[in-house]
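Below is one structure; the comments refer to it alone.
The values are calculated or read from the model by the stated rules, or taken from the named source; none is laboratory data. Being a predicted model, the structure only gives us computed values, none of them experimental. So basically every Cβ, Gly included, is an ideal-geometry build from the backbone, and we count neighbours across all protein chains shown.
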């Protein structure tokens with residue numbers, strides 16, 4: 001990785017040198033407040049990974065972009081860079097550095113202010129401005145551990161994030177320097193209304209902080225929370241930031257623009273290459289419990305449903321229900337398989353099926369499944385997308401998707417004949433703990449397969 005970074009750094013330097021010998025074209029960006037911001041077009045970096053910010057990603061869960069953003073803020077404080085950005089009045093009053101040690105410095109950033117992806121490849125100031133289209137400045141809020149815990153409780157109150165709650169989920173916090181968990185099966189203890197969408201917390205019920213910078217969390221310790229001026233002033237659910245800032249005179253808003261801080265971190269720490277360290281979220285935030293009211297923690301399919309939703313394999317039947325016991329059709333099943341495989345574009349250009357129309361949600365999935373030998377049509381010209389699938393068919397689809405590996409032995413089930421088209425698939429599925437029989441002697445191959453069963457089979461086969 002270091003060699004790759006050096007090579008990319010050299011290439012970027014050459015690009016920058018070339019740009020300095022040509023006519024410079026400054027661009028501008030109009031932020032969400034209508035301010036026209038001049039962008040520094042000489043800023044260039046490279047990302048070897050896609051950073052997730054679009055589609056409300058950072059409002060739902062920890063993201064790799066949230067990790068990068070908060071790491072930059074915490075580094076800004078821990079490194080002492082922040083010391084040059086205190087307001088003159090603060091400096092005069094002796095408030096010119098962070099007043100706690102590095103072990104007590106954390107960074108929090110609300111997911112609603114991470115609004116675009118950064119794609120693999122070269123990026124610059126314009127891409128950062130798209131991620132954060134606001135003129136936010138870095139702020140420091142001194143909080144007790146108890147206040148910090150309540151701040152995270154309030155910030156997580158709208159989870160799970162659905163279309164109807166996405167605006168309220170803007171308060172969900174990405175973090176650096178701490179790890180915390182949210183149990184969505186526990187209700188938020190809502191107190192006094194705060195703004196249009198939020199409520200103050202009557203108690204801490206669903207959030208727990210497991211560690212701070214590798215050490216035990218202390219409810220009575222003082223932590224320096226590096227965040228935005230908007231949170232400092234109580235934006236969204238951040239009433240605790242505002243209360244804590246008012247209670248500690250060292251809490252302050254600096255002159256440092258947050259986008260500039262992120263760029264400094266990318267330049268000085270990452271050497272202008274965002275690499276494998278940010279390939280995925282870093283397990284700082286654990287969210288447990290079900291998004292759906294009909295999927296209870298402890299059900300055999302609960303983890304599989306959570307995985308399927310997170311991976312984009314399937315969503316609920318409605319915003320609040322998954323319908324685990326509903327049966328699945330051929331169209332739905334191949335679509336689940338296709339999405340689990342990464343939604344690859346089918347090579348086939350011709351569609352032989354009269355009942356699979358271009359534009360249908362399953363169109364590409366059907367063509368992909370057929371060309372990969374996972375399933376064929378029910379006839380030369382029909383696919384029968386709305387026909388319910390059986391347990392035998394589903395394990396066969398999975399077996400073929402796995403390239404039909406060789407199996408040894410025969411099925412132990414009395415209802416799986418040795419010459420059945422699905423026998424090898426059943427043997428493979430049992431050997432690989434993807435599924436077993438409905439009892440010790442029966443597999444029930446003709447039984448309709450439910451949504452819960454199919455996502456569980458998929459989850460186990462992809463683990």
- request: Give the residue that is farthest from residue 278 (Cα to Cα), with candidates limited to residues of region 171-186 that are in contact with a helix residue (DSSP H, G or I) (Cβ under 9 Å, 6 or more places away or on another chain) and assigned to a strand (DSSP E or B).
  value: 182
- prompt: Quick one: how many residues across region 253-264 are buried (at least 20 other Cβ atoms within 10 Å of the Cβ) and either modelled with pLDDT under 95 or over 13 Å from residue 231 (Cβ atoms) (or both)?
  reply: 5
message: If a residue must be surrounded by 18 or more Cβ atoms within 10 Å (Cβ to Cβ) and either closer than 18 Å to residue 450 by Cβ or in contact with a strand residue (DSSP E or B) (Cβ under 8 Å, 6 or more places away or on another chain) (or both), how many such residues does region 371-389 contain?
response: 2
- prompt: Taking residue 312 and the conditions (1) crowded, with 16+ Cβ neighbours inside 10 Å; (2) within 21 Å of the chain's Cα centre (by Cα); (3) farther than 16 Å from residue 184 by Cα, which numbered condition does it fall short on, given that it satisfies the others?
  reply: (1)
query: Where in region 187-259 are there strands (runs of 3 or more DSSP E), lying wholly inside it, with at least 2 residues that are within 30 Å of residue 296 (Cα to Cα) and touching a strand residue (DSSP E or B) at 6+ places or on another chain (Cβ under 8 Å)?
result: 190-194, 198-201, 207-212
From the options 126, 163, 99, residue that is surrounded by fewer than 20 Cβ atoms within 10 Å (Cβ to Cβ), over 19 Å from the mean Cα position of the chain (by Cα) and at pLDDT below 95: 126
- request: Answer yes or no: is there a residue in region 434-448 that is surrounded by 18 or more Cβ atoms within 10 Å (Cβ to Cβ), closer than 24 Å to residue 314 by Cα and within 32 Å of the chain's Cα centre (by Cα).
  value: yes
query: Are any residues in region 268-282 in a helix (DSSP H, G or I) and in contact with a strand residue (DSSP E or B) (Cβ under 7 Å, 6 or more places away or on another chain), and if so, which ones?
result: 278
task: Have a look at 356, 334, 366 and point out the one that is surrounded by 16 or more Cβ atoms within 10 Å (Cβ to Cβ), part of a loop (DSSP other than H, G, I, E, B), over 21 Å from the mean Cα position of the chain (by Cα) and at pLDDT 95 or above.
output: 356
message: So residue 394 passes all but one of these: (1) surrounded by fewer than 22 Cβ atoms within 10 Å (Cβ to Cβ); (2) under 16 Å from residue 461 (Cβ atoms). Which condition number does it fail?
response: (1)
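Looking only at region 76-96, how many residues end up being surrounded by 23 or more Cβ atoms within 10 Å (Cβ to Cβ) and out of contact with any strand residue (DSSP E or B) (no Cβ under 7 Å at 6 or more places or on another chain)?
So the count comes out to 0.
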